[in-house]
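Read the structure below first, then the notes.
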Amino acid sequence: MSLARRLLQIAYFLLWVQLFFAGQLNGLIAIFIAILSIFNLQTNWLRHIKIELISLICLTGWSITAYQAWWISTDNWFITLANLLWLMTGLKLLETHKEVNPRNSVLVLFLSIGTAGIVSQGLASSLIQGIAALLCITALIKTEAGSESFVGLIRRSLVISTLLTPVVVAGFLLLPRMPALWNLPGNSTGSVGLSAILRPGDLASLVQTEDLVARVFFKEEPPPQSDRYWRVFIHNNFDGFSWRQGPNHHELYEDNYSRGKGPIIEKWLIEASPLDARPWSGHGYPTNNELKITNMGKLMAFKAQASRGIYTINSNELSDSWRKTPPTHFDLEFISGNNPRLEALGKSWGKKSSDPIEIVDIAKRWFNSHPFVYTLEPGRMPKTAPYDAFLFDRQMGFCEHYAASFSALMRAAGVPSRIVVGYQGGEWKESTRSEDYLLIDNSNVHAWSEVWIPTQGWIDIDPTSWVAPERVRRSLRDSLSNKDLRRLSRQSPIWYQALADQWQALDNNWQLWIMAFDSSNQKSLLSPWLKGKYQFQGLVAIIAISLTLTSAIYFFQVLETGGEKEDQARRELDKCLFALSKLQFKTLPGETLQVFCNRAAMAFPELKDQLNKLHFSYNRYRFDLELEKRPNERKEILKEIVRIKTTLRGYIRKHRLKDRR
């Protein structure tokens with residue numbers, strides 16, 4: 001197997017690894033691509049299986065996954081077609097063992113890597129994509145350079161990549177940023193875990209995964225730990241056991257279009273997620289016009305988060321005004337008879353007072369007077385009177401148990417209430433390599449309640465803080481027993497955590513300064529230079545790219561020729577080729593020196609030995625790095641090329657005299 005094909009197969013395997021761990025491959029496609037990678041590495045297996053049969057099986061499998069993806073959501077069209085491209089690239093690579101020149105496979109693989117870069121933009125993904133692209137460049141050089149050594153190929157690839165870096169940077173910084181013609185949805189398979197339905201025990205299981213959710217950056221000091229509530233879903237539809245979003249959860253707040261121009265107070269870097277909502281503090285307004293606030297304080301995006309994304313929240317004089325939206329009948333809905341003891345307790349509170357604040361205070365005293373336990377192992381709730389069993393029998397639960405039972409008690413007492421599901425707390429990260437930020441993962445998942453106070457609107461009430469105050473004041477781990485702590489993921493070693501923090505800082509910079517570089521960032525960067533004359537930006541970009549590209553070509557030629565001595569060898573080779581052109585024998589486009597000499601030897605058998613010496617001596621002179629240490633031997637090889645030139649010229653003179661006679 002040629003080195004070029006092997007490099008392409010390694011690049012394809014790296015692409016599969018990156019896409020697999022990024023969650024961008026559909027189930028069957030991930031398996032098929034893995035099988036194709038094995039076939040590419042073990043081409044002798046293809047003697048027993050026809051490529052046509054493999055192609056038919058792969059396309060059939062893709063058709064099944066495409067139908068399933070489109071049936072779930074038509075927004076999956078782009079990632080579905082991307083899966084087809086990645087699959088067809090593997091099939092194309094299977095053909096390279098029959099091809100003399102795998103140049104077409106290199107181009108297809110470049111396209112696949114570029115598509116992967118659209119849907120996977122993290123730092124780790126980008127590094128793997130860059131390595132795969134470098135291997136493709138090396139394979140392309142190998143197809144042109146013939147017998148060049150692997151070390152020489154890598155050197156030339158790195159040289160080309162380094163010289164082209166200024167061209168890419170100039171284009172990135174100066175070319176005008178155009179708005180996207182359409183959004184390209186990806187495979188939003190984030191590990192957020194929240195859903196539109198809340199059942200007792202759901203969050204206790206989710207909190208043990210600790211998958212990354214988001215990072216939050218603040219312009220000023222971050223809020224204190226006890227005030228870090230990040231809302232996502234609001235549940236106001238109660239059936240006696242589970243809580244759901246009501247039919248009115250998507251109704252937009254009427255002041256969505258009166259966005260303020262205050263300073264940014266929160267910047268969110270969020271992971272991929274299948275949810276149509278985004279976490280936020282509930283304060284301020286989103287600067288992104290695609291995000292809307294609902295009457296219930298939900299930050300709606302109306303679509304899944306295909307890949308990592310950034311959005312900002314700015315301050316506004318109308319901040320929190322959505323809390324004044326009056327309750328609906330859904331916020332008081334209570335099915336009588338499902339939890340009779342809970343219902344009786346709530347009604348007794350309602351008889352004691354009609355003031356919602358006093359009723360909340362009665363509930364707080366009641367919870368504090370009972371031996372409730374905050375735990376990750378609350379056990380399964382019975383289907384019959386589940387909240388009666390929790391409040392009066394077991395008295396062991398996680399945050400959703402306390403929020404759900406408290407909200408149900410409020411409704412029984414005649415106070416409108418609902419449940420908010422999101423995150424509480426977060427780990428503050430101080431970094432010397434990027435902005436400080438708050439890291440939120442699934443261990444911060446939380447549920448709390450909101451009650452309607454006519455004079456104040458909807459206010460947050462967290463009954464978990466009554467039972468386990470350390471959960472809100474400090475963290476989840478500080479509020480759990482030793483038995484529960486063992487259920488959580490093991491603490492990483494200090495050295496590993498330090499490395500992870502450094503990597504997170506680099507990843508933050510990559511997302512904030514590279515992936516989030518848009519037209520507004522570009523204008524801020526160029527304004528001191530262009531002085532507001534942005535009509536010349538395109539001209540400046542063309543000039544900068546032209547200069548950097550010209551410089552790259554010049555320096556590449558200098559490095560390739562290696563100075564005057566390298567030029568002398570090339571001049572002698574050109575003289576040999578010119579001599580052969582007198583016999584109407586010229587090089588073909590893309591033809592290597594070795595292939596040309598072999599073809600010429602077939603046409604002129606008398607020159608076979610000289611032509612073999614020519615390509616061997618020249619390639620050795622140019623690409624054998626060991627010759628740098630043996631200058632005398634290098635001079636002898638150059639003299640050999642000169643002698644071959646003299647021999648070719650003598651043969652041509654005799655050949656032309658013979659033709660004249």
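The values are calculated or read from the model by the stated rules, or taken from the named source; none is laboratory data. Owing to the predicted nature of the structure, the values given are computational and were not obtained by experimental measurement. Ideal geometry is used to build each Cβ from the backbone, glycine not excepted, and the neighbour counts take in all protein chains shown. Note: accessible area is taken over every heavy atom of the protein model, side chains too, but ligands, DNA and RNA are not part of it. Shrake-Rupley method; radii C 1.70, N 1.55, O 1.52, S 1.80 Å.
Is it fair to say Trp77 is touching a Pro at 6+ places or on another chain (Cβ under 9 Å), at pLDDT below 85 and either of a type outside the set (Lys, Arg) or on the phi > 0 side of the Ramachandran plot (or both)? Here the answer is yes, as Trp77 does meet what is asked.
Annotation note: of Leu25, Leu56, the sole residue that is outside any helix (DSSP H, G or I) and at pLDDT 85 or above is Leu25.
Among Val595, Val558, which is the only one that is touching a residue at least 24 places away in the same chain (Cβ under 8 Å), assigned to a helix (DSSP H, G or I) and open to solvent by 40 Å² or more (accessible area, probe 1.4 Å)? Walk me through it before giving the result.
Numbers: Val558 fails: touching a residue at least 24 places away in the same chain (Cβ under 8 Å).
Within the list Val595, Val558, the selection yields Val595.
You will find that of Ala301, Ala272, Ala306, the residue that is modelled with pLDDT under 90, crowded, with 22+ Cβ neighbours inside 10 Å and touching a strand residue (DSSP E or B) at 6+ places or on another chain (Cβ under 8 Å) is Ala272 and no other. Annotation note: of Phe390, Phe372, Phe406, the sole residue that is at pLDDT below 95 and open to solvent by less than 10 Å² (accessible area, probe 1.4 Å) is Phe390. Going through the stretch 80-96 one residue at a time, which ones are under 16 Å from Leu56 (Cα atoms) and either at pLDDT below 90 or open to solvent by 10 Å² or more (accessible area, probe 1.4 Å) (or both)? Residues satisfying the conditions are Leu84, Leu85, Met88, Gly90, Leu91, Lys92, Leu93, Leu94, Glu95.
Can you pull out every residue in the stretch 432-455 that is open to solvent by 10 Å² or more (accessible area, probe 1.4 Å), outside any strand (DSSP E or B), in contact (Cβ under 8 Å) with a residue 60 or more places away in the chain and not basic (Lys, Arg)?
First, the residues of the stretch 432-455 that are open to solvent by 10 Å² or more (accessible area, probe 1.4 Å): 432-436, 439, 441, 443-444, 452, 454-455.
Those left that are additionally outside any strand (DSSP E or B): 432-436, 443-444, 454-455.
Subsequent filtering for residues that are in contact (Cβ under 8 Å) with a residue 60 or more places away in the chain retains 432-436, 443-444, 454.
The answer is Thr432, Ser434, Glu435, Asp436, Ser443, Asn444, Pro454.
Listed by first and then second residue, the pairs linking a residue in the stretch 331-351 that is open to solvent by less than 30 Å² (accessible area, probe 1.4 Å) to a residue that is assigned to a helix (DSSP H, G or I) and of a type in the set (S, T, N, Q), with Cβ atoms under 7 Å apart and 6 or more places separating them unless they lie on different chains, are Leu342/Ser405.
Consider Leu614 carefully, then state whether it is more than 22 Å from Arg649 (Cβ to Cβ) and open to solvent by less than 50 Å² (accessible area, probe 1.4 Å).
Working: more than 22 Å from Arg649 (Cβ to Cβ): no; open to solvent by less than 50 Å² (accessible area, probe 1.4 Å): yes.
For Leu614, the condition - more than 22 Å from Arg649 (Cβ to Cβ) and open to solvent by less than 50 Å² (accessible area, probe 1.4 Å) - is not met.
When restricted to residues that are touching a residue at least 60 places away in the same chain (Cβ under 8 Å), among the charged types (D, E, K, R) and surrounded by fewer than 19 Cβ atoms within 10 Å (Cβ to Cβ), the stretch 118-170 contains 1.
Of all residues in the stretch 568-588, those that are closer than 21 Å to Glu636 by Cα and free of Cβ contacts under 8 Å to residues at least 60 places away in the same chain have Cβ atoms under 9 Å from Cβ atoms of residues that are of a type outside the set (A, V, I, L, M, F, W, C) and open to solvent by less than 30 Å² (accessible area, probe 1.4 Å), 6 or more apart or on another chain, in Arg570/Tyr618.
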